[in-house]
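The values are calculated or read from the model by the stated rules, or taken from the named source; none is laboratory data. Predicted model only: the values in this text are computed from it and were never measured. Cβ atoms come from the backbone with ideal geometry, glycine included; neighbour counts cover every protein chain shown.
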Amino acid sequence: MKLLVIGIGDCGCRLAGEFALLNKMAKAKRHVSIVTCAYAFNNDEANLAALTKTGREWLQPVLIHGSLEGEEKSAEAGAELMRQESDRALAAMRPGGSVESDAFLFIAGAAGSLGSGGVPVVAQQLKQRYADKPVYVLIVLPFDSEMGEPQCVHNTAICLNSIGKIADAVILVDNGGLRGGGNIELNENMGSVNKEIVFPFYNLLCAGEMGGSGYAAAKVVDAGDIVQTLAGWTAIGVGEVRLPGSVFPWRKMGDFRKKGMETSAALEAMNAALARLSIDCRLEDAGKALYLLSAPPKQASIDMTKDLGNRLRELAYNAEIRGGNFYGAANLAQVTVVVSELIYMDRIKNYYDRAVGLAHVENKGE
Ligand SMILES: Nc1nc2c(ncn2[C@@H]2O[C@H](COP(=O)(O)OP(=O)(O)O)[C@@H](O)[C@H]2O)c(=O)[nH]1
Ligand SMILES: [Mg+2]
């Protein structure tokens, strides 16, 4: 699957840069392209300069004119600025880029201003222009340490509420749930957090592009499967496990036993993916789900793929499930899981409740 990526605001632009790097890796290692163009829309020149300096030749910066300072750090102010600037920003994009892409992917941090307010504005415009092309959004939720900040809570609630009505799917990433932990101060090095955020997309996007190149397996997951799966609130995760072949190379196991171990390794990789979903959710709340196994050709058996499907069917028992495999890394089983069309998300309800609570306090104070 090929995406046209647009990051808005600091967080969105950095992550768009990571998608550009992911594309570079896909080209070098797998000879496929998964991002047609990546754009960084920001009013912060320093952020754009830092991003384009570090070898991200596929990231195109688009400077938004206007500032959002002090009191104006609201999602509403970000939306207003983007409304004034969006025609100019979209005109800076390469003509034809959308034709080569299967979908758009917008990225922003929900708690900020330009990305939080701006993504719904631009997403809406692209939806009107390209009615047949899915518009997906990757939204980064704030760290736990930011939750005491009323403006953060307000912006997050506004962003989720408006983007939920516009986008075909919203993939949520909880900064608080990432390996860096729930604290922004501990994450001076956003780089590693951002790599962790984009990595689950690598196999997923590559799988369908590698068909016919000797990597294709019995059951391919392509852009069609992804489009059929992505809807509404969505979580994504990837897990990996070393395969027994590399752990016990000296042992001659019977075929039957070896296969059994490989299958359990694949199930373990899926458990790891589920344990590291980009946001906490209940699998029984999902209307759609997708799994993708990547394993070396000798080891990716049809049984392994089937077992993964059966297990996911048990866990996400209300979901329509798609899945498949492709031949990937040596001695490694990687499983990507997408959980979509989630009907209830505790985390989102929590932001709405808090935002309503804050509005009450403000009204009483007036
Ligand atoms: N994961 C991640 N989160 C970020 C990054 N930069 C900012 N954030 C988060 O995004 C929110 C602020 O959004 P930001 O992009 O700075 O605001 P904007 O420039 O006005 O759109 C806060 O919740 C930050 O914790 C980043 O590079 N990676
Ligand atoms: Mg900013």
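Against the criterion of being in contact (Cβ under 8 Å) with a residue 40 or more places away in the chain, surrounded by fewer than 21 Cβ atoms within 10 Å (Cβ to Cβ), out of contact with any Leu (no Cβ under 6 Å at 6 or more places or on another chain) and in the same structural domain as Gln125 (by TED's automatic domain parsing), Glu80 does not qualify. Mind checking whether some residue in the stretch 102-115 is part of a helix (DSSP H, G or I) and at pLDDT 95 or above? Checking the stretch 102-115: at least one residue is part of a helix (DSSP H, G or I) and at pLDDT 95 or above.
For residues in the stretch 46-77 being at pLDDT 85 or above and hydroxyl-bearing (Ser, Thr, Tyr), which is surrounded by the fewest Cβ atoms within 10 Å (Cβ to Cβ)? Among those that are at pLDDT 85 or above and hydroxyl-bearing (Ser, Thr, Tyr), it is Ser67.
Of all residues in the stretch 330-349, those satisfying the criterion of being in contact with a Leu (Cβ under 8 Å, 6 or more places away or on another chain) and under 13 Å from Leu160 (Cβ atoms) are Met345, Arg347, Ile348. Looking across the stretch 1-34, the residues that are within 16 Å of ligand 1 (Cβ to nearest atom) and either assigned to a strand (DSSP E or B) or surrounded by fewer than 19 Cβ atoms within 10 Å (Cβ to Cβ) (or both) come down to Val5, Ile6, Gly7, Ile8. Here Glu149 fulfils each of the conditions (1) touching a Pro at 6+ places or on another chain (Cβ under 9 Å); (2) at pLDDT 95 or above; (3) farther than 25 Å from Leu48 by Cα apart from (2).
Scanning the stretch 327-366 for residues that are touching a strand residue (DSSP E or B) at 6+ places or on another chain (Cβ under 6 Å) and hydrophobic (A, V, I, L, M, F, W, C) yields a total of 8.
Restricted to the stretch 35-51, and to residues that are closer than 15 Å to Ala92 by Cα, assigned to a strand (DSSP E or B) and in contact with a helix residue (DSSP H, G or I) (Cβ under 8 Å, 6 or more places away or on another chain), which residue is nearest to ligand 2 (Cβ to nearest atom)? Among residues in the stretch 35-51 that are closer than 15 Å to Ala92 by Cα, assigned to a strand (DSSP E or B) and in contact with a helix residue (DSSP H, G or I) (Cβ under 8 Å, 6 or more places away or on another chain), the one nearest to ligand 2 (Cβ to nearest atom) is Asn42.
Does the stretch 323-345 contain at least one residue that is in a helix (DSSP H, G or I) and surrounded by fewer than 18 Cβ atoms within 10 Å (Cβ to Cβ)?
No: the stretch 323-345 contains no residue that is in a helix (DSSP H, G or I) and surrounded by fewer than 18 Cβ atoms within 10 Å (Cβ to Cβ).
Residues that are more than 16 Å from ligand 2 (Cβ to nearest atom) and part of a helix (DSSP H, G or I) within the stretch 116-141 comprise Pro120, Ala123, Gln124, Gln125, Leu126, Lys127, Gln128, Arg129, listed in sequence order.
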